[in-house]
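Reading through the structure tokens given below for one structure.
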Amino acid sequence: MPLPLEKRYTLADAQTWDEQERVELIDGYPIMQASPTRAHQRAVASLLGQLYAYLNGKKCEVYPAPFTVRPFEQEGDQPEDVDTLVEPDITVVCDPSKLDNTGCKGAPDLVMEVLSPSTQRHDRLTKFNLYQRAGVREYWIVDPDSKSAQLFILEDGHYAAKDFGTVGDKLKVNILEDCTIDLSEVFPE
């Protein structure tokens, strides 16, 4: 579905699009999402499985893409008011009032993006700045090619590099008490 780039779009527009299309909106501008690679999906499955096992029976919930996050939506906004929506690979939300049938309204607590060749710049720059501006408390960038993960914590409105790990490392999820991610499961040899 080709979209004319000169038009700004909103959630109201996105709700009319074919569900098979993966499109994010950044400040009203559409970003088409390519199909993920097998390594990407394997990493997402492992991260999701580890987080789901830890969160089972707890207040926070974890969601895989496609799961729509409207990081700047506020109470009372209508779909035509919302011009930014993204679909993080992994989203953790600890405030149930932010969840609705469309996804997450406002900043989630944790976002994990797994890099693909076509998304590296988007995830490392555009989404990094977007999540920081929105107030996402913890952001992970997971790279299947280098078999590594970087994590950032929001401090005084800016992301600070908190940790880095590779195969064999276990990284602490800072927003969740006693939760670690085993990167050996994310990047099997």
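The values are calculated or read from the model by the stated rules, or taken from the named source; none is laboratory data. Keep in mind that this is a model prediction, so the values were computed, not measured. Cβ: placed from backbone, ideal geometry, glycine included. Neighbour counts: every protein chain shown.
Odds and ends about this structure:
- Restricting V86, V82 to residues that are under 23 Å from E155 (Cα atoms) and touching a Lys or Arg at 6+ places or on another chain (Cβ under 7 Å) narrows the list to V86.
- Residue match in region 25-46 (condition: surrounded by 16 or more Cβ atoms within 10 Å (Cβ to Cβ), assigned to a strand (DSSP E or B) and within 15 Å of the chain's Cα centre (by Cα)): yes
- Strands (runs of 3 or more DSSP E) contained entirely in region 52-131, each with at least 1 residues that are free of Cβ contacts under 8 Å to residues at least 24 places away in the same chain, more than 10 Å from the chain's Cα centre (by Cα) and crowded, with 18+ Cβ neighbours inside 10 Å: none
- Within region 136-189, tally of residues that are small (G, A, S), part of a loop (DSSP other than H, G, I, E, B) and farther than 21 Å from Y54 by Cα: 2
- Looking only at region 11-24, residues that are surrounded by fewer than 18 Cβ atoms within 10 Å (Cβ to Cβ) and not in a helix (DSSP H, G or I) come to 9 in all.
- Residues of region 25-65 that are farther than 18 Å from E189 by Cα and modelled with pLDDT under 90: L25, I26, D27, G28, Y29, P30, I31, M32, Q33, A34, S35, P36.
- Near pairs, Cβ below 9 angstrom, 6+ apart or cross-chain, from region 162-177 (among the aromatic types (F, W, Y)) to any residue that is at pLDDT 95 or above: F164/S148; F164/A149; F164/Q150; F164/L151; F164/L171
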